[in-house]
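The values are calculated or read from the model by the stated rules, or taken from the named source; none is laboratory data. Note that the coordinates shown come from a computational prediction; the quantities given were computed from them, not determined experimentally. Quick reminder, even Gly has a Cβ in these numbers, built from the backbone with ideal geometry, and neighbours come from all protein chains shown. For the accessible areas, the whole protein counts, side chains as well, though only heavy atoms, and no ligand, DNA or RNA atoms are used. Shrake-Rupley method; radii C 1.70, N 1.55, O 1.52, S 1.80 Å.
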Amino acid sequence: MKKKITLIAIFVFFALVSVVGCQIQPNEIYEESASLFAMDTYMTFQIYGGNNKDLRKVLNDTEELIINYEKKWSVTDSESEIYLLNHSSGKEVEVSDETIALLQYAKTVATDTNGNFDPTIYPIVKDWGFTTGEYKIPQEERIHELLAYVNYQNIKIDGNRVVIPSHYELDLGAVIKGYVGDEIIELWKQNNVSYGILNLGGNVQTLNQKGKEDWKVGIRDPFNKQSVAVVSVNDKAVVTSGSYERYFVGEDGNTYSHIINPKTGIPVNNGLLSVTIVSEEGRKCDALSTSLFVMGIDEAINYWEDRKDFDFVILSEDKRIIVSENIKDQIEIKDDSWKLEVIK
Ligand code: AMP
Ligand code: MG
């Protein structure tokens, strides 16, 4: 009997120690990271959670997700759905639900931005040489000829069937990375990742708060590789479109960037260096950073004033950092030679 009581006492003691032990142990949080070159861009991922084996699996699934989207949406892979559409000579093509969703989204943004964003811009982008790096300034008549093949309204969607007219070609490069970023964040949420950050070639997206801190995202100085400013965010996407990202100097001595005005067929040259959009959704940030770059400062501000459901940080050639009011307290300027201007 005595032996039994002693045994119970020992058991209770150890049980208590292990319970108390569990309580005083801080919850261990693991970090896993990965990098990948896909979709023509360098990507990095950093995720945190309670189990490092689970985190590795989430990163493997993340890579798989990206590779699947790349297969569907590459402009160069002859088996991709976008390639099939671009070589359909006006014939109907049946595509997956994901491609329909992407095209619908691109069409919605094109309508909403009054065609400053146009996913049918590819013929023009190609002619300037931005797809191959063999840059040239096209003849004026050639641009006019090609502009007849640029108009998002002529993308016809019926169920899973899509028709684009002959000579039309899609370029979803201005929205795909944001779109895929949203799908990755969703995957992380579903797999109980505590918090994380991804960077798809400059498209940064965050999940939750970084423990007790905010995520810090640098905004690049277009004149060097430093940060002009740092934005503090939680659970948001921060996406930049910049003329410095891809450009060439033509025979006429002018600089031509890869962001093109779909109405003129000519690279935008409006005094802006970069447009960063901050919002909950990567796809929205990506599409709008390109669109507002095309609009120029006045139209961009008007667009924002009518909606106010995102924030912007615009860098101009005269070294102004023009920001929407809600982000002014989250932004830290790193270089005093730039002047902050808040739009209310
Ligand atoms: P981003 O870096 O997201 O601004 O996307 C720029 C890319 O989108 C360019 O390299 C082109 O392939 C394409 N693009 C250029 N101008 C436009 C435009 N006005 N609308 C939609 N896509 C564009
Ligand atoms: Mg974009």
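A few comments on the model shown:
- Comparing 229, 209, 260 along the charge dipole axis of the chain, the residue lying farthest to the positive side is 209, per the Cβ-charge model.
- Solvent exposure of region 154-211 amounts to 37 Å² per residue of accessible area, where only protein heavy atoms count and the probe is 1.4 Å.
- Computed extension length for residue 214-residue 147: 19.7 nm, one decimal, from 0.36 nm per residue of separation with the Cα-Cα distance subtracted.
- Entry comment: accessible area of region 218-312 is 41 Å² per residue, from protein heavy atoms only and a probe of 1.4 Å.
- Average projection area in nm² (convex hull over Cα atoms of region 210-304, one quarter of hull surface): 7.3
- Carbon/sulfur fraction of accessible area - region 113-237, other protein chains in place, 1.4 Å, %: 41
- Cα centroid separation - region 253-315 against region 129-176, whole Å: 19
- Tail weight of P(r) past 24 Å, computed on alpha-carbon pairs of the chain, percent: 61
- Loop-resident sites, region 285-337, for GluC sites (Glu not before Pro), counting at most 14 other Cβ within 10 Å (DSSP): 317
- Counting Cα-Cα pairs of region 266-344 in 5 Å increments starting at 0 gives whole-percent bin shares of 3, 15, 29, 26, 18, 7, 1, 0.
- 1.4 Å probe accessible area per residue over region 96-151, in Å²: 47
- The orientation-averaged projection of the convex hull spanning the C-alpha atoms of region 29-131 amounts to 8.8 square nanometres.
- Span-like helix criteria (full DSSP H runs; alpha carbon extent of at least 24 Å along the helix axis; mean Kyte-Doolittle hydropathy of at least 0.5) are satisfied in the chain by 2-24.
- Quotient of C-alpha Rg and 2.2 N^0.38 Å, computed over region 116-248: 1.35
- Globularity index of region 20-89, i.e. its alpha-carbon radius of gyration over 2.2 N^0.38 Å: 1.70
- For region 144-188, size of Cβ-based charge dipole, Lys and Arg +1, Asp and Glu -1, in debye: 120
- Region 292-344, accessible surface, carbon-and-sulfur percent (1.4 angstrom probe): 37
- The Cβ shell under 15 Å around residue 226 holds other residues with a net charge of +1, Lys and Arg each +1, Asp and Glu each -1.
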